[in-house]
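Reading through the structure tokens given below for one structure.
The values are calculated or read from the model by the stated rules, or taken from the named source; none is laboratory data. What you are looking at is a predicted structure, and each value in this text was computed from that prediction instead of being measured. Backbone-built Cβ (ideal geometry, glycine too); neighbour counts: all protein chains shown. The accessibility values were calculated without ligands, DNA or RNA, using every heavy atom of the protein model including side chains. Shrake-Rupley method; radii C 1.70, N 1.55, O 1.52, S 1.80 Å.
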Amino acid sequence: MMPTYPVAEIFTSINGEGVLAGQLAVFVRFTGCNLRCSFCDTMWANEPNAPHQDMTAEQIVRAVLDTGMHNVTLTGGEPLLQSHMYELLSLFAEHPQLHIEIETNGSMDLSPYRTIPQVTFTMDCKLSCSGMQDRMLEGNFSLLRSCDTVKFVAGTRDDLEQAWAITRKHHLLDRCHVYLSPVFGAIEPTEIVDFMKEHRWNGATMQLQLHKFIWDPNARGV
């Protein structure tokens, strides 16, 4: 029997954040997550028994190809919880026109997937406001490449201080892209900009989640 993947939804939209923000993409959302962040906006998909469709790798890839989109974002939940993710990524790699972005929460080992062509990581680094900062897998920082991204979601000035310290400790600006985003409604974006100016944080990017301004912040499938 072929393995299946619990897919909560597949939809097309624009990337709301990251290096490809504003570009069209097809999103594949898997159910299940090993973290419980205080500000999570997809809690509905985090339980393994969340509403989903069991799909084979071939069905997922065909659904993606049928959209005509070249940017593919695998998200969740936590997509790297899927035990057969390597097989799915290998199948995607047979289609060189696709760019595969994995949105991952920073607690899962990235090393098994680094050799697959076309795959980039947008890795969260959880800060104090998430309640999950102790779950980060520190070894992942050394695996990041220039095509990858670390995303800090900050809700307080203390979070910004943590992000600044982690960026320096792991020389992230020499390794990958660094993005800062506010917890929606918890901190003013101006405070993040002021912090960046104060610390002369050259090379980092402050970014708002576009989809939360274009659509209702709680809307699904956008």
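Below are the figures for this structure:
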quantity: Within the stretch 8-117, strands (runs of 3 or more DSSP E) holding 1 or more residues that are closer than 18 Å to Cys147 by Cβ and among the small types (Gly, Ala, Ser); calculated: 24-30
quantity: Among (1) surrounded by fewer than 21 Cβ atoms within 10 Å (Cβ to Cβ); (2) at pLDDT 95 or above; (3) of a type in the set (D, E, K, R); (4) under 25 Å from Leu24 (Cα atoms), the one test that Arg114 misses; calculated: (2)
quantity: Hits in the stretch 133-149 (condition: open to solvent by 30 Å² or more (accessible area, probe 1.4 Å) and within 24 Å of Ile187 (Cβ to Cβ)); calculated: Gln133, Asp134, Arg135, Met136
quantity: Where a residue in the stretch 158-170 is under 16 Å from Ser142 (Cα atoms) and its partner, wherever it lies, is in a helix (DSSP H, G or I), with Cβ under 7 Å and at least six apart; calculated: Thr167/Leu173; His170/Phe141
quantity: Neighbours by Cβ (under 9 Å, 6+ apart or cross-chain): first from the stretch 184-206, free of Cβ contacts under 8 Å to residues at least 60 places away in the same chain; second of a type in the set (Asp, Glu) and open to solvent by less than 80 Å² (accessible area, probe 1.4 Å); calculated: Ile187/Asp159; Phe195/Glu161
quantity: Any pair with Cβ under 6 angstrom, 6 or more apart, that starts in the stretch 49-60 at a residue that is over 13 Å from Met85 (Cβ atoms) and open to solvent by less than 90 Å² (accessible area, probe 1.4 Å) and ends at one that is in a strand (DSSP E or B) and among the aromatic types (Phe, Trp, Tyr); calculated: Met55/Tyr5
